[in-house]
Amino acid sequence: MIKKNFIKTIEIIPSRYKIDNLFLNKVLKYSKSFDFIDLACAPMANLRISPISFAHNLIMKGIDPQKIIINISVRDKNSLALQSDILGVSGMKIKNLLLVRGDPISIGNSKKSKEVFELNTNDLISLVAKLNKGRDYSNNKMDYKPGFAIGSTLNIDLPIEKIKRNLRNREKIGSNFFITQPLYSETDFVNLCELSSISSSKILAGIFPIKNIRTLNNLNNKINGINKDNPLFKTLKKADEKDFQKLSSSYLVDLLIKYKKDLDGVHIMTAGDLKVASKLSEKI
């Protein structure tokens, strides 16, 4: 992760079922608005192209591998497959990983799939930290140290002292940058500023503008780690759906501008709408 005062990243959700050349070109076009592009791993447990394959195609289009963050989920693979993928990512000159648990299969469209979870998220962080020291999960010596930047997620909907403990624990086992779940309350931003002031790691504020009722319902009912008692949700419940995007974008941009000087950066999630993400980046 680069040493910059304020970092801007975007979450990219890979295509369904096949590589879409038009979408690749769109990612290439809008990537100039961001320091990093984060490639999600089957978010919401819906079938998508592998982020590793998608990254390969972006690199072939001219994206710098150092600009890519690959999501790795413990939901779908055992420790052998995870290590194989991670070392393959290193072979592509990609140095940034975001290690995640993965959304539960029950909320997605792959109901016949089985969750693996041989490792939990902390186990995977420790595994990658071990690879960085030249040892694999079974403690076999490798003649190679991949040098990954290790990212993990951070839930902010907790008492601040508990968030601090979680942050310190993740840093102790190997994480050196963090991305929060979507923030929707001013308290979230105040807490994040405090966390940034006590940590040497980069902690990026996750924002996710809400564009329709379906997204609002998903955030309320399917996504954990979010402060759901917030002014925006209350406003949107009374608003016309056509105004959701404008209202939520303005609300989040105002909070980001207010607290920007005390934040490390922003991670923009727009469910694939790159144009909206780019416009948000320009306003911050």
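The values are calculated or read from the model by the stated rules, or taken from the named source; none is laboratory data. Please read these numbers as outputs of a predicted model, since none were measured by experiment. Here the Cβ is made from the backbone with ideal geometry for all residues, glycine too, and neighbour counts use every protein chain on show. Heavy atoms of the whole protein, side chains included, go into the accessibility calculation; ligands, DNA and RNA do not. Shrake-Rupley method; radii C 1.70, N 1.55, O 1.52, S 1.80 Å.
Structural remarks
- D103 being closer than 24 Å to Q66 by Cβ, out of contact with any Leu (no Cβ under 9 Å at 6 or more places or on another chain) and either at pLDDT below 95 or part of a loop (DSSP other than H, G, I, E, B) (or both): no
- Some residue of region 71-79 being in contact with a strand residue (DSSP E or B) (Cβ under 8 Å, 6 or more places away or on another chain) and hydroxyl-bearing (S, T, Y): yes
- Matching residues, region 20-48, being assigned to a loop (DSSP other than H, G, I, E, B) and either under 18 Å from N71 (Cα atoms) or in contact with a strand residue (DSSP E or B) (Cβ under 9 Å, 6 or more places away or on another chain) (or both): F34, D35, A40, C41, A42, N46, L47, R48
- For beta carbons closer than 8 Å, sequence separation of 6+ or different chains, a first residue in region 246-273 that is touching a residue at least 24 places away in the same chain (Cβ under 8 Å) and a second that is open to solvent by 10 Å² or more (accessible area, probe 1.4 Å) and of a type in the set (D, E), the qualifying pairs are L255/E186; G265/D35; H267/E11; I268/E11; M269/E11; T270/E11.
- Pairs meeting the criteria (first residue in region 54-83 and over 13 Å from L39 (Cα atoms) and charged (D, E, K, R), second residue assigned to a loop (DSSP other than H, G, I, E, B) and open to solvent by less than 30 Å² (accessible area, probe 1.4 Å), beta carbons under 6 Å, at least 6 apart or on different chains) are R75/G102.
- Failed item in (1) open to solvent by 60 Å² or more (accessible area, probe 1.4 Å); (2) outside any helix (DSSP H, G or I); (3) not hydroxyl-bearing (S, T, Y), with L80 passing the rest: (2)
- Taken over region 239-284, the criterion of being among the charged types (D, E, K, R), in a loop (DSSP other than H, G, I, E, B) and open to solvent by less than 70 Å² (accessible area, probe 1.4 Å) is satisfied by D264, D273.
- Among the residues of this structure, D85 counts as one that is among the acidic types (D, E) and either in a helix (DSSP H, G or I) or crowded, with 21+ Cβ neighbours inside 10 Å (or both).
- For region 223-238, the candidate set comprises residues that are of a type outside the set (F, W, Y) and surrounded by 15 or more Cβ atoms within 10 Å (Cβ to Cβ); within that set, the residue that is farthest from T153 (Cα to Cα) is L236.
- Test: residue in region 154-165 that is touching a strand residue (DSSP E or B) at 6+ places or on another chain (Cβ under 8 Å) and part of a helix (DSSP H, G or I): yes
- Given (1) surrounded by 20 or more Cβ atoms within 10 Å (Cβ to Cβ); (2) hydroxyl-bearing (S, T, Y); (3) without any contact (Cβ under 8 Å) to a residue 60 or more places away in the chain, number of the condition Y17 does not satisfy: (1)
- Put simply, of L124, L119 the only residue that is open to solvent by less than 20 Å² (accessible area, probe 1.4 Å) and in a helix (DSSP H, G or I) is L124.
- When the criteria are applied in full, S110 fails the requirement of being in a helix (DSSP H, G or I) and farther than 20 Å from G225 by Cα.
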